[in-house]
Amino acid sequence: MQLQSKLPDFQTSIFTVMSQLAHEENAINLSQGFPNFNPDPHLLNLVDKAMREGHNQYAPMAGIFSLREGLAQKCEDQFGVSYDPAHEINITAGATQAIYTTLTAFVQAGDEVIIFKPAYDCYEPAILASGGISVPIQMKGKDYKVDWDEFRSCLTPRTRMVVINTPHNPSGAVFSTADMQELEASLKGSDILVLSDEVYEHIVFDDYKHVSAAMLPGLKERSLICYSFGKTFHTTGWKMGYCLAPKDLMKEFQKVHEYNVFSVNHPIQKALATYLKDPGHYLDLGPFFQEKRDYFLKGLKGSSFQWTPSSGTYFQLLDYSAISDEADMQFAKRLTREYKVASIPVSVFNLNNEDRKQLRFCFAKTKDTLSKALEILQKL
């Protein structure tokens, strides 16, 4: 049997590679982005309660209405904008499914989709599987800024969509109001859509603010915005997310969603609908993770690493150029094998695998785990 692969050049995800290596080497795993601590027991009890009360069959295709209603209120409170819970909000099996569904629903053969590198690795496979053409733009410098003049030069009559990610994984950068206004102005008068990946919306530090695509009218009207309950509530294994979009765009999104997963975990939706009623469950997330970021960076003082503090997400980039001139992939693997700390080499996300001698470390870990890793990193 001869098969023609839709993704002939794609290899196993770097997250799988490094997590497997960390397991094999019994290393401290600061590579893959998930917490190693438990979620709020109250949330777990709410899920258990929902199961015992019988919410164990299919949920409505778009998600239970009480959860969508709660999310609409959250958007109103947080962004000052309205989304119709009946027609403009859809619960998904994690943000990755929301992203894949968005790209599948709108990208057709020959369509161009602009992405900013370094880019999270789920974007390009979905673009290519839909017959689209990925148009990558490398963000500038080691602090990863967008050159908006370069962006405008890449817009063509074939541009169908732009994918943005803020707060940004892997860099930890946050798009400013000025960045979002540049995007809005650049797309004015066009039919170009925006896929806005905002899964780290509540994890922003210092004086930075999360500026959602929902907050700018010229972006809101053309944007499908993807979120993750897993990132917000320390439950990545539940694979729960949602998508916001204007009614006409959501209608097309749901045509794919319905025949992809149809609906997602019912008892967890019931639990989340109750849990979201207390805004403190997500508004306190920034200070919670900033404390971890600050602990991680304080523990690195005096080491040979260099860094700019992460502005958002729960990732920190470290520049190791004063330690080794090895390629980042080689250094990351050696760090895992010889020193027992796993990280992610950033070059795999860059255009043409550009190597800036940076590794990404996840600090969404217990203080004990971070302390053990810091003791090792200090010695390099």
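For LYS270, which lysines qualify as cross-link partners when the Cα separation must be under 20 Å and same-chain residues fewer than eight apart are set aside? Within reach: LYS49, LYS74, LYS231, LYS239.
The residues packed around THR308, meaning those with a beta-carbon under 11 Å from its beta-carbon, carry a net charge of -1 if Lys and Arg are +1 and Asp and Glu are -1.
Less than 5 angstrom separates the built amide H of ILE28 from those of VAL341, ALA342, all sequence-distant by 5 or more or on a different chain.
Amide H contacts of THR92 (H built 1.01 Å from N, in plane; Pro and chain starts excluded): GLY241, TYR242, CYS243 sit under 5 Å, all sequence-distant by 5 or more or on other chains. Along the stretch 327-335 the Karplus relation, 6.51 cos²θ - 1.76 cosθ + 1.60 evaluated at θ = phi - 60°, assigns HN-Hα couplings of 4, 5, 5, 5, 5, 4, 5, 5, 4 Hz to successive residues, with x for each Gly and Pro. Couplings for the stretch 18-30, taken from phi via the Karplus curve 6.51 cos²θ - 1.76 cosθ + 1.60 with θ = phi - 60°, read 6, 5, 5, 5, 4, 5, 4, 9, 6, 9, 6, 8, 10 Hz in order; Gly and Pro are left as x.
Which peptide among 282-295, 36-49, 244-257 comes first, and what is the full order, when sorted by highest mean count of other Cβ atoms within 10 Å?
The packing order, highest mean first, is 244-257, 282-295, 36-49.
Between amide H atoms placed 1.01 Å from N, distances below 5 Å from SER223 occur with VAL194, all of them 5 or more places distant or on a separate chain. Using C-alpha pairs below 8 Å separated by at least 6 residues, the relative contact order for the stretch 31-123 is 18 percent. Residues of the stretch 8-46 with amide nitrogen under 20 Å from the 7 Å Cα-to-Cβ point of GLU338? Residues 18-19, 21-31 fall inside that zone. Its DSSP H runs of at least 4 residues, each contributing -39,500 (n - 2.57), put the calculated 222 nm mean residue ellipticity of the chain at -12000 deg cm²/dmol, to the nearest 500. Taken one residue at a time, the phi angles of the stretch 205-213 give Karplus couplings (6.51, -1.76, 1.60, θ = phi - 60°) of 10, 6, 9, 7, 10, 7, 10, 7, 4 Hz. Gly and Pro are set to x. Counting only aspartates and glutamates at least 8 places from LYS255 when in the same chain, those with an alpha carbon closer than 15 Å to its own are GLU88.
Readers should treat all values here as calculations from the given coordinates under stated rules, not as data from a laboratory. Computed from a predicted structure; not experimentally measured. FYI the Cβ positions are ideal-geometry reconstructions off the backbone, even for glycines, and counts take in every protein chain you see.
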